[in-house]
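Single-structure report; data block below.
Nothing in this text is a laboratory measurement; each read-out follows from the coordinates by a stated rule. On a predicted model such as this, the values are computed, not experimentally measured, just so you know. Using ideal geometry, Cβ is built from the backbone for each residue, glycine included, and neighbour counts are taken over all protein chains shown.
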Amino acid sequence: MFIVKRLAQLAVALSYLVGQTSLAAVAKEMTSIINKDLGKVSQASDWHTDQGRIFEERPLLQVAQTRLERNEFNQKVITEFRANQGKVGGQFANRPLLLLTTTGAKSGKTYTKPLAYTKDGDRFVVIASFGGGPKNPSWYNNLVAHPEVTVEVGSERFKAKATVPTGAERQRLYDQQAKQIPAFAEYAKKTTRQIPVIVLTRIK
């Protein structure tokens, strides 16, 4: 883009000096060329990199809508879950699902997320995969700050304490869930972070 601007400036200067056309006309033409070039760059890709960092050229509103759509989707699942004693359709159909309510690490507000789970004895196991994303999901940060959570399974609702196992225990539980729900094996391949495993133990 810097080169394009410099060439446009040079063309304007040369045309003006030799008197081939007016400065206003040349400037108008060069502006048109640059704008067209910008349009091509923007259409070619929504992303560009700068020294290893990725910047998104899509409007912020579009990004916000994507987040809103995700929240709306979760809310529909939550509503369906509660209306049908834990049974839902769509991508969560035939998959063990619970609702996890956490307290915001900073806001103190409560947030509910639908999550796939497995059982380890009487304990419930969930995984903070975030679809194999580079960062931990916000609900994980919430329960680390506030380990007492609320769990809904079927028609049952109870308080639980969240703990984060490490080492061999974490790996055992992750492998156990990946075996039952293969998507989690794929998530592990998509990220370099160690995906946290969370154990939810009922508070009696």
**Prompt:** In the neighborhood of Q176, defined by Cβ-to-Cβ distances under 13 Å, what is the net charge if each Lys or Arg adds +1 and each Asp or Glu adds -1?
**Reply:** +2
**Message:** Sequence gap at least 6, Cα distance under 8 Å: using those rules, report the relative contact order of the stretch 94-204 to the nearest whole percent.
**Reply:** 32
**Request:** Please go through the residue pairs K87/K113; K76/K190; K113/K159; K161/K204; K119/K204; K106/K135 and name each one whose alpha carbons sit more than 21 Å apart in this structure.
**Result:** K76/K190
**Message:** Could you tell me the calculated FRET efficiency between R67 and N136, based on Cβ-Cβ distance and R0 = 22 angstrom, to the nearest 0.05?
**Reply:** 0.85
**Item:** Separation of the T79 and T110 label points, Cα + 7 Å toward Cβ, nm
**Value:** 1.9
